[in-house]
Each structure stands twice: as C-alpha cells, then as structure tokens.
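Just below is one structure, and these are the notes that go with it.
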Amino acid sequence: MFEFQLRLLIWLILWLAPVAFVTCTASYLLSLPMRRQERARFFLDLLEQGLKEGRTPEQTLVSVSQSRDGSLGPRFHVLAA
C-alpha cells in the first residue's frame, strides 16, 4: 500500500505539477491582451464620465488616482502623477 502511495506522489510531482504550471502560464499569457483592452476601456469610460460631470481630463485622472484603485495598473498612477 505504501509503495502505491509513493508512486502516486511521484507521478503527481513529475507530471501533474508541470502540466498545471504550463496551463496556468498559458492562461495568463493568453489573457494579457484582453486585460489590457479592458483597462483601456475603463480608462476611456472614466474620462467620458469626468467630461460629463464638467471636469477636465487632468482633474479626473488625479481624482481617480487618489482613490488608490489598482484595477487600472501602476502605469495609470504614474500618468496621473
């Protein structure tokens, strides 16, 4: 019984772990363009909303950046600074 468990553990480590790693890496890399596009849409929506409220784009960017929302990424906060 112990030998079977040991073989199963070795199989999991040698086969299943690398397959899971490759799957997660592929999923991350394939979703990069979609996440970038979603951040761009969100950025444009923020600008549009700010203009509707009568604020300048600069005021809108600074006010959103002060909220410390991480969904737009670090480059957005650098732009706002």
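For first residues located in region 33-58 and farther than 13 Å from residue 76 by Cβ, partners that are of a type in the set (Val, Ile, Thr) and assigned to a helix (DSSP H, G or I) and lie 6+ apart or on another chain with Cβ distances below 7 Å form the pairs 50/60. Looking at region 28-47, is at least one residue of a type in the set (S, T, N, Q), at pLDDT 90 or above and in contact with a Gly (Cβ under 8 Å, 6 or more places away or on another chain)? Within region 28-47, none of the residues are of a type in the set (S, T, N, Q), at pLDDT 90 or above and in contact with a Gly (Cβ under 8 Å, 6 or more places away or on another chain).
Listed by first and then second residue, the pairs with beta-carbon distance under 9 Å, at least 6 apart or on different chains, first residue in region 62-81 and closer than 19 Å to residue 49 by Cα, second at pLDDT 80 or above and part of a loop (DSSP other than H, G, I, E, B), are 62/81; 63/55; 65/81; 77/68.
Among the residues examined, residue 29 does not qualify as in a helix (DSSP H, G or I), surrounded by 10 or more Cβ atoms within 10 Å (Cβ to Cβ) and without any contact (Cβ under 8 Å) to a residue 60 or more places away in the chain.
Within region 45-70, the residues that satisfy the criterion of being loosely packed, with under 10 Cβ neighbours inside 10 Å and either among the aromatic types (Phe, Trp, Tyr) or assigned to a helix (DSSP H, G or I) (or both) are 52, 70.
Here residue 20 fits the description: surrounded by 10 or more Cβ atoms within 10 Å (Cβ to Cβ), modelled with pLDDT of 90 or more and among the aliphatic types (A, V, I, L, M).
Taking first residues from region 2-16 that are among the hydroxyl-bearing types (Ser, Thr, Tyr) and part of a helix (DSSP H, G or I) and partners that are surrounded by 10 or more Cβ atoms within 10 Å (Cβ to Cβ) and modelled with pLDDT under 85, no Cβ contact under 8 Å between residues at least 6 apart in sequence or on separate chains turns up.
The values are calculated or read from the model by the stated rules, or taken from the named source; none is laboratory data. Not measured: the values here are computed from a predicted model. Using ideal geometry, Cβ is built from the backbone for each residue, glycine included, and neighbour counts are taken over all protein chains shown.
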